[in-house]
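Each remark here refers to the structure printed beneath this line.
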There are 6 protein chains.
Amino acid sequence: MSLERGISRHAEGSCLVRFGATEVLCMASLEDRVPNWLRGQGRGWVTAEYGMLPRATHERMRREASSGKQGGRTLEIQRLIGRGLRAVVDLEALGERQITVDCDVLSADGGTRTAAITGAWVALRDCLSWMERRSMIGPNVMKDHVAAVSCGIHDGTAVLDLDYAEDSQAGTDANFVITGSGALCEVQATAEGATFSEEELLELLKLARHGVRKLVDLQKMAIG
Amino acid sequence: MSLERGISRHAEGSCLVRFGATEVLCMASLEDRVPNWLRGQGRGWVTAEYGMLPRATHERMRREASSGKQGGRTLEIQRLIGRGLRAVVDLEALGERQITVDCDVLSADGGTRTAAITGAWVALRDCLSWMERRSMIGPNVMKDHVAAVSCGIHDGTAVLDLDYAEDSQAGTDANFVITGSGALCEVQATAEGATFSEEELLELLKLARHGVRKLVDLQKMAIG
Amino acid sequence: MSLERGISRHAEGSCLVRFGATEVLCMASLEDRVPNWLRGQGRGWVTAEYGMLPRATHERMRREASSGKQGGRTLEIQRLIGRGLRAVVDLEALGERQITVDCDVLSADGGTRTAAITGAWVALRDCLSWMERRSMIGPNVMKDHVAAVSCGIHDGTAVLDLDYAEDSQAGTDANFVITGSGALCEVQATAEGATFSEEELLELLKLARHGVRKLVDLQKMAIG
Amino acid sequence: MSLERGISRHAEGSCLVRFGATEVLCMASLEDRVPNWLRGQGRGWVTAEYGMLPRATHERMRREASSGKQGGRTLEIQRLIGRGLRAVVDLEALGERQITVDCDVLSADGGTRTAAITGAWVALRDCLSWMERRSMIGPNVMKDHVAAVSCGIHDGTAVLDLDYAEDSQAGTDANFVITGSGALCEVQATAEGATFSEEELLELLKLARHGVRKLVDLQKMAIG
Amino acid sequence: MSLERGISRHAEGSCLVRFGATEVLCMASLEDRVPNWLRGQGRGWVTAEYGMLPRATHERMRREASSGKQGGRTLEIQRLIGRGLRAVVDLEALGERQITVDCDVLSADGGTRTAAITGAWVALRDCLSWMERRSMIGPNVMKDHVAAVSCGIHDGTAVLDLDYAEDSQAGTDANFVITGSGALCEVQATAEGATFSEEELLELLKLARHGVRKLVDLQKMAIG
Amino acid sequence: MSLERGISRHAEGSCLVRFGATEVLCMASLEDRVPNWLRGQGRGWVTAEYGMLPRATHERMRREASSGKQGGRTLEIQRLIGRGLRAVVDLEALGERQITVDCDVLSADGGTRTAAITGAWVALRDCLSWMERRSMIGPNVMKDHVAAVSCGIHDGTAVLDLDYAEDSQAGTDANFVITGSGALCEVQATAEGATFSEEELLELLKLARHGVRKLVDLQKMAIG
């Protein structure tokens, strides 16, 4: 597990995340505009886009640019990342600007959304530091860490960081987005063709907290 | 709150759901084919599609058919409904057939996904009864009830069935899909620009269980 | 045959039309803008959009939002409705505003365009009344009633209000849009793989006039 | 007014129509397949596609291939042409084959749909002759001539062959598709922001019959 | 080989090119705007769009407007034409205006891009003359002639103006865009499943210069 | 300048190319099918797809998957890469299979197409070795090396490997695809708003040969 910063020549902040064989490239881009519906309110916006290279996966998938639209899974993940980041950014203090964090999966072996949000935070943080150094914003626009883990129930027990093979067999699949101080941003637990109990949900959450703590430590070391 | 069955002349199962000013029309369509990736395995499939009439909302929205693509929210909701229904259907016993449940929002006043999945279950159940009467399937293909509620945290307290105005101000918004026997199918709790605690999550879940029990009672009365 | 007004919580005018098993929901939305080509001329615009729920028909059709474009039939019908409505509205007196009437078919059993335009008039009229009550416009912006009928030649004789089964076998299929005072807005008579004579056209028109008179009476009762 | 045959090196039948400054190139293409819904029934199909070069009109229009979809007007016209041609072709005798007639407007100065259908008949007829010479079909697959005229009501009087300037001011605009023996295939009379009377409709039809007779004479001379 | 000018009633400049059985209609349209990225710089822009009628070719191709996007070959050719034209136009002297030259292939028998650029120059030149006559620009905005030839290596020897049959068998296919004074604008030599030598490239270029000289003579005669 | 092989866990062949700040990830995917038009002929196919991460460039570009189509430049480059690779592969000996080489630009600083084709050759070669080791093909399916260079004329002199800043100012921009034995696959020399002479073309070619020799040496070392 590694987070490598500053790997993009152009982006204001960037991070290459490696979790086992999963690799995600996160790049934060600052733009001097906000979405139309936010204009004139003096507040900023943080958003994310997600993509996968066609052969990031075991079988080559069709390129979304060539099929002409982003799939439902892509849209779901990029909304998740965006919300997680906005939970820890002071959008008022950002001013009327937009930061887009692109998360592109170079290699997928389970846990791509976990890796993406963990690295997206680092890229976003470095983008904000870049702005701070230029006196565009004050300190503390980034209010906290945020990271995510995927976990699931495998053969009846909660398992953290499912690898790809386990992932596809798991009846229950969960994503937790949690801040550095332990507050919850997002809880998604989904059963495909199965169900789960409240106890199992809490056990997954406990595992997730443990995982997020390790990821936040990793972020701290990375920005050291 | 009402569930009106058999409102479609054509669909094998149908239900008009009214939750306050929210109205969703659910229609289940049986087709003698399955998605390509399921072919030849002797198993069936249940899926859902979701849409909103342009003026179901306070301000008229652009028609998705005219803008040329379904938005991220639409895709997210229809995946949620499909997974919830599949959790309570015996897909092996269904045989190599597909049932698509269309959920179209005629009027929206908060809670459209809750209403949609509650009614979709009724439409699907009536479609299965229709098949049973024709000896296409045996009994018990439908294994349990399933319903959903939206709730959220408003001014620091958990609130069930937020109406539209509260919904948009709530920092935390949650969806729970729960079976008749209390098993969880889906837990989605999301904070926009905010966070929530584990206690709040459990309080929301408690509220949701209460709400789902009432919805399942409603379903029982409707099919009674 | 019934016209139920005020069925939408949000729309400025609305009407649910039921003609036998055909059901169309019409909602008029007022917007404070006009198409670009009309800007700055002080005149308003009335337009219509048409859609069908996927299982409004006997066989489920693909959802237009998911296939990514509106079919030729959809575009043809919504242009017809828009022209019919504009024929009876004083666009100068409307001022620089646009009213869009959405006509969505909940259930189709023949005659959906007839039902749509009949109900669209009621929805539009109620939208104009809503504006009048707020002193946004004066009276008489709505200059006349307008309604439409479909008819056709079945086994050599002109038949009004073909039900779906007859419709598909009819060699000649006609649509007439006629005002309350009997003026013609639109005449469309089409033969698929067949032809028709002038006498047949006139017989169809006679039938249509009779049908429109009944529909206009229905409108008058509905708004009475 | 002229019809020039055989102007395409590749198409089985072709015709360049010139009506004043309006020029339409019609090319009929034979294909050894039918649409899916017709397969295995031993019957053929005739269809049409319509397009306009971007600068066929006074102001350059956006190229439909570049905007990514065909407009409503384009779809409406190509359906009209297809139905008109099918009215005079014996689809059983054609066998399981499809003929597509492409009508592309090189220059538009009013009456493009009239010109298109008149020339499309000639292109289609030459395609059938080509097939007959190769003994693919017998004689009489083409059962009759078919032509179309546009006319309208200008300053209160019915006028044939409106030129472009008059066309845009006319309150009522009509299209008639009529066979060589005088049977009607299609009657479309449309008022934009106006209405018309039955007498006016009949006067337009009379004019149209006169115009179609001249066009059919032109077709006869062209193929003579 | 012929270049016929002034064949469009509407376009500011136009030319119908006939090279054997290849026919391309070129129309130049003046617009009083420039692309966004050029705004406010006082310079103009010249661009081109390219299309083919569906049955311009031996087998009917699908209409790009109906398939919803322009193919890669179309985009490649229209960029080539645009660059070629811009090489000989003084964009500063044109002022903040855009000229779009539409090149539409009516019949294809090899060499369509050659024909297109040769005719596009004539259409553009006539558009500039039209502007000069109205004192919108001074003289000499058009700095030189420009024309293009396709050639290739067939059975080991360089061949100019390959007809369609040879073209498809040729291992090496080249396009040269050259000005009237012999300067090169574009050299594209491409081998499909083969390679070529520097000597062959130079031989092709020699042939191309010869061909372009003849085309420029043709342009001179046409505008003479 | 470096070529790193085997960087993908999934792809049959892969290579990460670094040319200064330009980074391109090339992955070759073997599929057991060929395009429809090639079916049943016993021959294989090699093709390429090209993409850029949104922030690979100085300014963030819109994601092609989200804008819904691939731009003209993207299509042009991927066709160039595909042709270059096919020039050095024995498609007969490949058998009825397709290899797609995805070239995704992680960071762009000029010369992305040069980098892409150089690395694509390595990825393709490793994919063929993978097949050879499994006895799917014999040796010598890869007939030669192939590489590409971009060069241009800057302030009147030919310059190899223009960095991004120079590139955008260069009047003439050229791409050469050349095999290991010095045969030419593709020559593209383009002037934007300028022209070039035959001498300049030959000087560019000389530079390109020199550059390709170095790239081929790099390939040899990488696979050595």
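Okay, here's what the table says:
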{"quantity": "In segment B:165-182, residue modelled with the lowest pLDDT [restricted to those that are under 18 Å from the mean Cα position of the chain (by Cα) and open to solvent by 20 Å² or more (accessible area, probe 1.4 Å)]", "calculated": "B:Asp173"}
{"quantity": "Segment A:122-147, residues that are part of a helix (DSSP H, G or I) and out of contact with any Asp or Glu (no Cβ under 8 Å at 6 or more places or on another chain)", "calculated": "A:Val122, A:Ala123, A:Leu124, A:Arg125, A:Leu128, A:Ser129, A:Glu132, A:Arg133"}
{"quantity": "Cross-chain or 6+ apart pairs with Cβ under 9 Å, segment D:198-224 first and among the basic types (Lys, Arg), then open to solvent by 30 Å² or more (accessible area, probe 1.4 Å)", "calculated": "D:Arg209/C:Glu198; D:Arg213/D:Gly180; D:Lys214/D:Met1; D:Lys220/D:Gly180"}
{"quantity": "Hits in segment D:92-121 - residues which are closer than 19 Å to D:Gly42 by Cα and outside any helix (DSSP H, G or I)", "calculated": "D:Gly95, D:Glu96, D:Arg97, D:Gln98, D:Ile99, D:Thr100"}
{"quantity": "Residues (of a type in the set (S, T, N, Q) and surrounded by 19 or more Cβ atoms within 10 Å (Cβ to Cβ)) located in segment F:190-224", "calculated": "F:Thr190, F:Thr195, F:Gln219"}
{"quantity": "Subset tally (residues that are open to solvent by less than 10 Å² (accessible area, probe 1.4 Å) and within 11 Å of chain F (Cβ to nearest Cβ)) for segment A:12-24", "calculated": "3"}
{"quantity": "Condition broken by A:Gly193, with the remaining ones in (1) modelled with pLDDT of 95 or more; (2) within 13 Å of chain B (Cβ to nearest Cβ) satisfied", "calculated": "(1)"}
{"quantity": "Count of residues meeting criterion [among the hydroxyl-bearing types (Ser, Thr, Tyr), without any contact (Cβ under 8 Å) to a residue 24 or more places away in the chain and in contact with a strand residue (DSSP E or B) (Cβ under 8 Å, 6 or more places away or on another chain)] in segment D:47-72", "calculated": "1"}
{"quantity": "Members of segment C:60-80 that are more than 7 Å from every other protein chain (Cβ to nearest Cβ) and more than 30 Å from D:Asp173 (Cα to Cα)", "calculated": "C:Met61, C:Arg62, C:Ser67"}
{"quantity": "Any hit, segment E:123-134, residues being closer than 22 Å to F:Ala194 by Cα and basic (Lys, Arg)", "calculated": "yes"}
{"quantity": "Scan of segment D:82-121 for residues that are hydrophobic (A, V, I, L, M, F, W, C), within 14 Å of chain E (Cβ to nearest Cβ) and under 19 Å from D:Glu31 (Cα atoms), ordered by number", "calculated": "D:Ile99, D:Val101, D:Cys103, D:Ala120"}
{"quantity": "D:Val187 surrounded by fewer than 20 Cβ atoms within 10 Å (Cβ to Cβ), closer than 30 Å to C:His145 by Cβ and among the aliphatic types (A, V, I, L, M)", "calculated": "no"}
{"quantity": "Residues located in segment C:61-108, provided they are touching a helix residue (DSSP H, G or I) at 6+ places or on another chain (Cβ under 8 Å), charged (D, E, K, R) and at pLDDT below 95", "calculated": "C:Arg62, C:Arg63, C:Glu64, C:Lys69, C:Glu76, C:Arg79"}
{"quantity": "Single residue of B:Leu85, B:Leu75, B:Leu94, B:Leu80 found to be within 23 Å of A:Ala194 (Cβ to Cβ), crowded, with 21+ Cβ neighbours inside 10 Å and free of Cβ contacts under 8 Å to residues at least 40 places away in the same chain", "calculated": "B:Leu75"}
{"quantity": "Residue check, D:Val141 farther than 26 Å from D:His58 by Cβ, under 15 Å from the mean Cα position of the chain (by Cα) and crowded, with 21+ Cβ neighbours inside 10 Å", "calculated": "no"}
{"quantity": "Counted residues, segment B:31-59 - those being part of a strand (DSSP E or B), more than 9 Å from chain C (Cβ to nearest Cβ) and either open to solvent by less than 10 Å² (accessible area, probe 1.4 Å) or touching a helix residue (DSSP H, G or I) at 6+ places or on another chain (Cβ under 7 Å) (or both)", "calculated": "5"}
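Let's see how each residue does on (1) more than 29 Å from B:Thr100 (Cβ to Cβ); (2) touching a Pro at 6+ places or on another chain (Cβ under 6 Å); (3) within 14 Å of chain A (Cβ to nearest Cβ):
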residue: B:Ala123; (1), (2), (3): no, no, no
residue: B:Met136; (1), (2), (3): no, no, no
residue: B:Ile153; (1), (2), (3): yes, no, yes
residue: B:Val159; (1), (2), (3): yes, no, no
residue: B:Leu184; (1), (2), (3): no, no, yes
residue: B:His210; (1), (2), (3): yes, no, yes
residue: B:Lys220; (1), (2), (3): no, no, no
residue: B:Ile223; (1), (2), (3): no, no, no
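The values are calculated or read from the model by the stated rules, or taken from the named source; none is laboratory data. The shown structure was predicted, so the numbers you read here are calculated from the model rather than taken from an experiment. With ideal geometry, Cβ positions are generated from the backbone for all residues, glycine too; neighbour counts draw on all protein chains shown. Heavy atoms of the whole protein, side chains included, go into the accessibility calculation; ligands, DNA and RNA do not. Shrake-Rupley method; radii C 1.70, N 1.55, O 1.52, S 1.80 Å.
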